[in-house]
1. May I ask you to list the residues in region A:337-384 that are on the phi > 0 side of the Ramachandran plot and out of contact with any helix residue (DSSP H, G or I) (no Cβ under 6 Å at 6 or more places or on another chain)?
2. Which of (1) in a loop (DSSP other than H, G, I, E, B); (2) closer than 30 Å to A:Leu147 by Cα is the odd one out, the single condition B:Phe106 does not satisfy?
3. Is one or more of the residues making up region A:222-239 closer than 28 Å to A:Arg177 by Cβ, more than 14 Å from chain B (Cβ to nearest Cβ) and polar (S, T, N, Q)?
4. Would you check which residues across region A:190-221 are within 14 Å of another protein chain (Cβ to nearest Cβ), under 28 Å from A:Gly270 (Cβ atoms) and in contact with a Cys (Cβ under 9 Å, 6 or more places away or on another chain) and list them?
5. Have a look at A:Arg177, A:Arg182 and point out the one that is closer than 27 Å to A:Leu691 by Cα, within 27 Å of the chain's Cα centre (by Cα) and modelled with pLDDT of 95 or more.
6. Only one of B:Leu54, B:Leu83, B:Leu74 is over 15 Å from the mean Cα position of the chain (by Cα), touching a residue at least 24 places away in the same chain (Cβ under 8 Å), away from chain A (no Cβ under 14 Å) and assigned to a strand (DSSP E or B); which?
7. Somewhere in region B:92-104, is a residue away from chain A (no Cβ under 13 Å), more than 15 Å from the chain's Cα centre (by Cα) and crowded, with 24+ Cβ neighbours inside 10 Å?
8. Out of everything in region B:223-250 that is touching a residue at least 40 places away in the same chain (Cβ under 8 Å) and farther than 22 Å from B:Leu87 by Cβ, what residue ends up being farthest from the other protein chains (Cβ to nearest Cβ)?
Amino acid sequence: MHLRINDIEVDAPPGTTIKDAAKLAGIRIPGLCDYPGIDHYGGCRLCLVEVEGMRGNPSSCTLPVSEGMKVKTDTPALRELRKNILEMLLSEHPCGCLFCERAGRCDEIREGMRKVPQTMGCRYCPKDQRCELQETVRLVGLGKIDLCRLGSSKEMVRSPFFDRDPNLCILCGRCVRTCAERSGGVVSFHFRGFDAGIGTAFEKPLEDAGCRFCGACVDVCPTGALVERANKWSGLPEKIVETTCPFCSCNCKIGLEIKNDKILRTRPVGSKLCVRGRFALEFVHQQRLTRPLIRKAGKLVEADWKEALALVAEKLRSYRGQQFAMLVSGVLTNEALVAAKTFADQAMSSRAVAEDFSSGHKLDEMVKGPLLVIGDLSETNPATELAVRSARPVVISPLKTLLATNASIWLRPRPGEEGLVLAAIARAALANQSSESLERIDGYSSFSRALDLLKLDDIGVSQDEISKAAVALRKAAIVVSPDCDQEIKRAAGNLALALGGSLCLVGRNCNSRGAAILGLDRGYEETMRSLQSGETKAAYIIGCNPARTNARMAEALSNLEFLVVQDLFLTESARNADVVLPAASFAEIDGTFTSSDGRMLRLKEAITPRSRSDEQILSDLYTMLKDGPGPQADNSQSSLEMLRRAAKENLEALQTQTRIEDMEKTVPAFQPVNLKGAAKDPCRLVIGPCLFEFGSGTRTSRVHDLQYLNRNRKIEINPDDASDLDITDTEAISLESGERILNGSVRISRRVLPGVMHICGRKSEAVTVEVKRDV
Amino acid sequence: MYEVLEREALAPGLTLLRIRAPEIVRKMQPGQFVIARADEFGERVALSAADWDLESISVIIQDIGVSTRKLSLLDKGDTLLNLVGPLGKPSRIENFGTVAIVCGCFGIGPGYALARALKKAGNKVIIIIEARNSGWLFWQDRLFDVSDRLIVTCNQAGEDDSSATSPLRRLLETEKIDRVYAIGCTFMMMEISNATAPAGVPTRVSLMPLMVDGTGMCGACRCLVEGKTVLGCVDGPEFDGHKVDWGRLVERMRSYLDEETGAMDIWDRENWHLAAERKAELGKAQ
């Protein structure tokens, strides 16, 4: 469309608003309620313009351009109008500092941290210098306010991670609209007139209203109404370093705001972050190990690097092959993983293993076609779930998640029968097509026979829905979340083959794909068995914490002759160690992760390393083991050279892995699956993953507000069951399942059907339970 | 010991506590203060006495840091770790004639105690109160009772009467004021002193330097008055406003700004939910 704005000819695609079209022409129209990426609102009225032939002054952020339109954005009348509107906004907003005669000079005479605890003006606001209202006052050229000022003393609303100051809210609605897109709308406008404000339903605390603390509302707020609590008063950062989030395989791009060699805050960089990437990176500054520890006379004491590394090299020399285990994980960079792999292969004649696996897949392309999602993706990989939600996939979920309610077809089986549903869809799909192409694939005949024998009439999902799904899912991509067990993964693989589609095994960690490409998952089960049987005598653990997740592993580790643990903190596993080596965090190193679609993602050093990098420690040890301790001239060089060459080769191999693995690699054959019907017991508990605890919880347990959110493990119970059992919301109960007892507090919720309950736990599964009240 | 008998939230961040302290109030006089500690890790906080009776003392706490935040979270039935007083030199109370007392925000508290005593001594008492926000003006009824005239100002951007300075200037032009008192934030007291200097009206200010022991041993509260080093806790806290080196005072008060901000950041991150939990507990008990 061709239009004219202020004597400038502008070309803009149809559907563009006048405000955005003006931006294309380099014309800035003020506005406080508009924000890229969320619905236009036209609430603040600052963006009013004149359009030839139109009566009145339309808001440029809501009016789309039309051919031949003539727009004026900067007439004297408009300028006056904008000043008046801004004045009205400010009459309800504490703005003493904006028009104070001493503006800018009071810093020298300010005698305390904050003169007053309530924000009375810019100098006492945590958003000072970062506020869009301040910027708009400058833009509009407002010099003073003649209107009577309405003071207000509403109380702050305090929640995990951020605070809401209703006295500063200008009711632009950005937070409401953003939240509607992200979480279905946890906050909205409440009350009317002068009492109007933003709040949750029944003014429940955010955590009880379904907020997941993604921080999107804080990002879009133009004033100091929503401010995060960490480093609230630290002002502008010195620099912003773009890097990659170190948690899950969504690999969100993040910007670290740095000041005084500290991470102040995180901001999204074209990404949609979750609570972990947005608020939980403070773990970098919590309880870090900075010096090596050596066990002497039964106690771990601080030592210097020379002594610690020499001891490790000396001890590890006496172990080889199966006697030695090296456990790493997909939280490490490619460089560290390669160093670990080389170290284990060449210095220890053994191998490094990791539990991680991720298939290679391109999400952008997958969402264009039919999709099936299985597993609670919103808890493990929130950004992926958000991307997938708008594609309206077919969803298999016993819980009523946001994804399920947005699904094109929602299959709701009984907990534990998800695998059977996958088999049922496969059977329906095979019934409607010729099996010629499939017969060539290994394992087809046993698969087909097993399907015929399966009893699928009573799984909580009707045959009709199964058939619909089978039709909808032809050539579909099947997305399996990382918490699903092996049986589900195999069943999904079989289904993918039957549908002629593809299998997408979402990785758990930020570099699960890198670990998978390096083949580190091969031999993992075997290594675990050797550790637990006692065949392994020594181990070197980097970036994982098996003692925390698994009591049997904790015991196995404590029985080792020699254990080295390399991590950021003194973890549960480290407490058993003979030598503990402190490592640098993701924010302190340069390095790469591999995304699931094969891209190399950069990590950039943002703060001074608190310790040495994993890569550095491993190369130093490698050199010492290969060449012995003491000063080396030529030998050390050649070992290091060899290591570097191996690293280079491996990384090059990673970099050329840009083509996505086709189905033949991911699912080479039909696999036998052990699918049992779930018990038809009256009380089934779904144990699922938790957004607020990641992996073994080593990092997330060191973030105060995540611990606060996990303080009462919530057991979701259907209101009908609650009334039958006569239990009330927030009551403390126990769930008994065989020998296992799970304690928590009741949360009455319609996310579960009658007869089903939900709790967060480390290992996803479905079990039968009995409810016990605390007597 | 030192039980909180009453708690009133006067405004967000401004709390009134009435604390049982019969020995302390026995000799309390206007212009004096107490030092309170909420718990083992709280700082010693100097608080001017706002009101007292035979068994308790009332203080007004402005929440501007970790220790004042801890104090303002105390509720009826809680106890302070310690309380010491009366400290400081009491104000000289006699019949001066006409006195003007300018109070800002939390200064309204001690201003009330001073006005009460001066009125009893026969003075004509004019009180001017200023606050950033109408929600921060409190005890107007009490001030009314102990004054002959009460002038209320509140921050209205761009207007003349946004602070006490203008009404005070007008007062000095129209009436003979024998003595002026200014109690409130340091900046306000400096402005008032500057306003009364041309007319040469004796002006008394109540300084709030950083203070630790409060009895003259540590030297933290040193101020420069008329070129001489004096201690805020035993020579003051009330001084001649025209003789105070304000620049030096503010410089010293800012000594630990970074540490105070850091401490607040850490404490708030770990304790922000205390107030909500206390409310919930009280709610459940009722």
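The values are calculated or read from the model by the stated rules, or taken from the named source; none is laboratory data. Being a predicted model, the structure only gives us computed values, none of them experimental. When we count neighbours, we look across all protein chains shown, and the Cβ atoms used for this are built from the backbone with ideal geometry, even at glycine.
1. Filtering region A:337-384 down to residues on the phi > 0 side of the Ramachandran plot leaves A:349, A:375.
Result: A:Gly375, single match.
2. Of (1) in a loop (DSSP other than H, G, I, E, B); (2) closer than 30 Å to A:Leu147 by Cα, only one is false for B:Phe106: (1).
3. Yes: region A:222-239 contains one or more residues that are closer than 28 Å to A:Arg177 by Cβ, more than 14 Å from chain B (Cβ to nearest Cβ) and polar (S, T, N, Q).
4. Across region A:190-221, the qualifying residue is only A:Phe213.
5. Only one candidate passes the filter, namely A:Arg177.
6. Details: B:Leu54 fails: assigned to a strand (DSSP E or B); B:Leu74 fails: assigned to a strand (DSSP E or B).
The conditions single out B:Leu83.
7. yes
8. Among those that are touching a residue at least 40 places away in the same chain (Cβ under 8 Å) and farther than 22 Å from B:Leu87 by Cβ, it is B:His242.
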